[in-house]
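Asker: Encoded as structure tokens, here's the structure I'll be asking about.
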Amino acid sequence: MPALKTVENKLRKLALGYPETKEDFPWGESAFKVRNKTFLFLSTHDGGLTLSMKLPQSREFALEYPFTEPTGYNLGKSGWVSARFGAGDDVPMDVLAAWMDESFRAVAPKKLLTLLG
């Protein structure tokens, strides 16, 4: 089971692999944006890792996991889901990668999505 810092670095690399994506740092956490629209929030606090993504198709299913909850600040009403992990937790990277892809596709301009195939 990889350390949370390793997981964070893998998630960051995966996010930055999408076309026209940049990392911004509002409120002291990472926000990954495509053309100034955020598709992933990523932060580490108190030895834990938290990420939030927009999941318009899989939101209800995603909320069945014990490590997820609707994102605060009324984002949950718009399909955003947050996942929290502590040190020693199993992190399902395949699930998070699929959610990140869904989130990117939900906010990216349609013309940009043609680059993904």
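Throughout, read-outs are computed from the coordinates displayed, never taken from laboratory work. All of these numbers come straight from a predicted model, not from anything done at the bench. Cβ placement follows ideal geometry from the backbone for every residue including glycine, while neighbour counts extend to all protein chains displayed.
Asker: Between 70, 19, 92, where does the largest GNM mean-square fluctuation fall for the chain, given springs only between Cα atoms within less than 10 Å?
Answerer: Among 70, 19, 92, the largest mean-square fluctuation in the Gaussian network model of the chain belongs to 92.
Asker: Same structure, new question: Return the lysines within reach of residue 77: Cα separation strictly under 26 angstrom, same-chain partners fewer than 8 residues apart disregarded; answer none if there are no such residues.
Answerer: Here the lysines satisfying the reach criterion relative to residue 77 are 22, 33, 37, 54, 110.
Asker: Okay, moving on. Compute the long axis of helix 93-107 from its Cα atoms, compare it with the longest principal axis of the Cα atoms of the chain, and write down the angle in degrees, 0 to 90, nearest 10.
Answerer: Approximately 40 degrees, to the nearest ten.
Asker: Can you tell which of 31, 98, 106 shows the greatest fluctuation in a Gaussian network model of the chain with Cα springs below 10 Å?
Answerer: Most flexible of the set in this elastic network: 98.
Asker: For the chain, set up a Gaussian network in which alpha carbons nearer than 10 Å are linked by springs, and say which option among 81, 95, 34 fluctuates the most.
Answerer: Sorting by GNM fluctuation, first place goes to 95.
Asker: So how much slack lies between residue 87 and residue 46, counting 0.36 nm per residue of separation and subtracting their Cα-Cα distance, in nm?
Answerer: Values: separation 41, 0.36 × 41 = 14.76 nm, distance 0.96 nm.
Separation in residues times 0.36 nm, less the Cα-Cα distance, equals 13.8 nm.
Asker: Still on this structure: Residues in the range 75-117, backbone N under 19 Å from the label point at residue 20 (7 Å along the Cα-to-beta-carbon vector): list them, ranges by number please.
Answerer: Correct set: 101-117.
Asker: Please report the base-10 log of the normalised intensity I(q)/I(0) for the range 1-84, using a Debye sum with one equal scatterer per alpha carbon and no solvent, at each q in 0.15 (1/Å).
Answerer: Each listed q maps to, in turn, -0.55.
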